[in-house]
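Each reported figure results from applying straightforward, stated rules to the coordinates on display, with no laboratory input. Just so it is clear, the structure is predicted and the values come from calculations on it, not from any experiment. Note that we place each Cβ from the backbone using ideal geometry, even for glycine, and neighbour counts take in every protein chain shown.
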């Protein structure tokens with residue numbers, strides 16, 4: 001047996017274990033919901049593992065099918081055990097999901113009057129607090145702008161070191177590439193809202209915390225977008241500039257930068273657009289600006305004030321959307 | 001004649017496992033116009049790029065102008081490279097920049113880092129770049145972005161860029177493969193002039209035997225990473241041609 005086959009077998013066992021423990025867990029959950037039967041988690045795992053092992057050894061399992069060990073060969077799924085098992089698994093997932101999420105169409109259609117106060121507020125906004133709202137809105141727009149602008153130099157420099165085609169295939173080159181890519185991925189997978197919570201404790205509630213949150217997130221996101229753009233450049237130009245006897249830095253400036261300026265600008269404007277939208281959400285958790293104002297008014301149940309804020313946010317997002325689309329279109333054609 | 005390029009037992013194996021060069025032993029003399037023949041994938045591009053280490057050779061030695069290329073440190077390598085003008089099938093110009101800036105980029109091996117970073121070019125260099133553009137008949141296109149030029153014009157900008165290096169030799173990797181026959185000949189003409197009038201050594205890969213006969217002083221043919229022919233262009237008859245390009249090949253006359 002060669003290594004490749006052993007690897008596949010192990011992967012198929014892992015897949016079967018995950019599937020069958022999950023499936024038994026779903027059944028235990030339903031038994032608890034519907035029949036009040038409380039099953040210990042330990043038993044779920046034991047039964048799940050047993051089922052998986054039996055399935056995998058006999059070859060009647062999804063894992064075996066996925067990795068080519070199925071006892072059922074290439075029969076169409078309707079005539080196989082794994083096929084129907086998969087169907088049952090999908091249906092079970094929907095049923096369990098429906099219960100967990102507490103889906104209730106009745107409430108959606110019959111309890112509309114509860115939202116009446118908000119709808120009423122939206123259609124009779126309180127223009128009396130307009131100046132206060134505009135100040136908060138300015139805060140939001142500026143914090144999004146600064147977060148984007150401050151992120152550019154960091155992302156710009158980092159992106160060169162996170163581009164596979166520019167980093168030499170040496171130990172140092174690979175390490176630098178991997179470290180920057182990994183950190184960027186981790187920072188990007190932490191939502192801006194979470195960063196806002198961290199920074200609102202760090203520097204205090206307000207627009208500054210919101211800006212820092214968006215900036216960190218933007219650096220990570222832009223580094224990824226920029227470096228992917230660099231990886232797509234025409235390598236021939238790089239070769240030609242290297243062949244003149246240019247240094248690495250000269251090659252980057254002459255062969256790489258001219259090719260990436262306009263896509264970089266397009267990405268950056270797109271990022272600003274996203275940041276303005278996120279700035280509102282970030283405001284909810286202590287990032288200042290219009291989001292914070294919205295949260296306060298909502299908590300005091302001042303629906304007419306909430307109404308004006310919603311209109312203003314919609315107007316800004318809509319305007320940003322149009323401007324950013326127009327500018328990006330221009331850049332792409334230039 | 002003085003030998004200017006020398007390779008000893010040069011091998012290149014790519015990470016993918018392709019053994020592109022299998023022991024190339026080659027001596028090129030000053031003033032020669034070498035034509036590299038061979039099918040796509042025979043190792044022509046790899047050989048050219050191994051000579052100035054745009055691709056790292058796997059083993060073997062390369063000597064250019066009495067300098068050891070393979071063991072050169074980065075600074076030495078740059079000094080070797082700047083004496084070799086290189087032109088490519090796809091021209092490899094910076095498309096968003098003007099012809100003049102592209103030609104000026106040929107000086108990068110000579111200027112200080114900070115001048116280059118600021119795109120701040122010396123007056124002399126600009127005058128020289130204009131002169132070189134004039135030489136390839138493109139002075140009125142100096143301020144035009146190169147992406148708006150035709151293929152033949154772009155290749156001439158690339159030649160002007162190479163001239164900025166004051167090269168001792170020119171490497172040309174299928175310089176006319178993307179051009180129509182008439183334009184191809186006009187581009188080759190410039191290389192021919194450099195070879196004749198300035199005694200510049202040219203190493204040029206090609207597919208057209210007619211151009212090889214017209215401009216080449218010596219033909220080196222590669223097949224499967226090995227040299228299968230080394231001689232004068234006139235020696236290549238039907239049989240030789242088929243042994244290089246395969247049984248089914250027929251010579252195509254392009255003019």
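Legend: calculated FRET efficiency, residue B:112 to residue B:143, from the Cβ-Cβ distance at R0 = 30 Å, rounded to 0.05, equals 0.75.
Separation of the stretch A:291-334 from the stretch A:161-218 is 26 Å, based on Cα centroids. Averaging the inverse of every distinct alpha carbon separation and then flipping it gives the Kirkwood radius. What is it for the stretch B:171-235, in angstrom units? Computed over the stretch B:171-235, the radius equals 12.4 Å. Here, the protein assembly as shown is characterised by an Rg to Rh ratio of 1.12, where Rg is the alpha-carbon radius of gyration and Rh the Kirkwood radius. When the Gaussian network model of chain B links Cα atoms closer than 10 Å, the mean-square fluctuations of B:152, B:192, B:137 top out at B:137. Mean per-residue shielding of peptide B:76-82 is 3, counting Cβ atoms of other chains within 10 Å of each Cβ. Here each label is just a point 7 Å from Cα along the line to Cβ, and for residue B:29 and residue A:5 those points are 6.2 nm apart.
Between residue A:203 and residue B:237, the modelled labels are 8.3 nm apart [label points 7 Å from Cα along Cα→Cβ]. Annotation: extensible slack from residue A:165 through residue A:281 equals 38.1 nm (criterion: 0.36 nm per residue apart, minus Cα-Cα distance).
At an R0 of 60 angstrom, the distance between the Cβ atoms of residue A:145 and residue B:71 translates into a FRET efficiency of 0.70. Multiplying the residue separation of residue B:150 and residue B:196 by 0.36 nm and removing their Cα-Cα distance gives an extension gain of 13.9 nm.
Compared with the dominant Cα axis of chain B, that is its longest principal axis, helix B:123-135 is turned about 50°. Sorting the segments A:99-106, B:107-114, A:166-173 by their residues' average number of neighbouring beta-carbon atoms within 10 angstrom, most packed first, yields B:107-114, A:166-173, A:99-106.
Ordering A:148-159, A:302-313 by mean Cβ neighbour count within 10 Å, with the highest value first, yields A:302-313, A:148-159. Partner shielding of A:277-289 amounts to 0, given as the average count of beta-carbon atoms from other chains within 10 Å of each residue beta-carbon. Semi-axes of the equivalent ellipsoid for chain B, computed as √(5λ) from the eigenvalues of its C-alpha gyration tensor and ordered from largest down, come to 30, 23, 16 Å.
The radius of gyration of the Cα set in the stretch A:190-312, together with its Dmax, comes out at 20.6, 69 angstrom. Going from the fewest other Cβ atoms within 10 Å to the most, the residues B:66, A:234, B:15 appear in the order B:15, B:66, A:234.
Does anyone have the angle between helix B:181-197 and the longest principal axis of chain B? Alpha-carbon axes, 0 to 90°, nearest 10? Approximately 80 degrees, to the nearest 10. All distinct Cα pairs of the stretch A:126-333 go into the 1/r average, and the inverse of that average, the Kirkwood radius, is 18.5 Å.
Seen through its C-alpha gyration tensor, with square-root eigenvalues sorted a ≥ b ≥ c, the stretch A:16-104 comes out oblate because a/c lies at 1.5 or above while a/b is not bigger than b/c.
Annotation: the residues A:282, A:13, A:261, sorted from fewest to most other C-beta atoms within 10 Å of their own C-beta, follow the order A:261, A:13, A:282. Axis angle, to the nearest 10 degrees, between helix B:151-163 and the longest C-alpha principal axis of chain B: 80 degrees. Remark: spin-label model distance residue B:14-residue A:99 equals 5.7 nm, labels positioned 7 Å along the Cα→Cβ axis. Shielding by partners for peptide B:101-107, expressed as the average number of C-beta atoms from other protein chains within 10 Å of each residue's C-beta, is 4. When each of the peptides B:195-204, B:155-164, A:317-326, A:78-87 is scored by the mean number of other C-beta atoms lying within 10 Å of its residues, the order from highest to lowest reads B:155-164, B:195-204, A:78-87, A:317-326. Computed from the Cβ-Cβ distance with R0 of 35 Å, the FRET efficiency linking residue B:130 to residue A:265 stands at 0.70.
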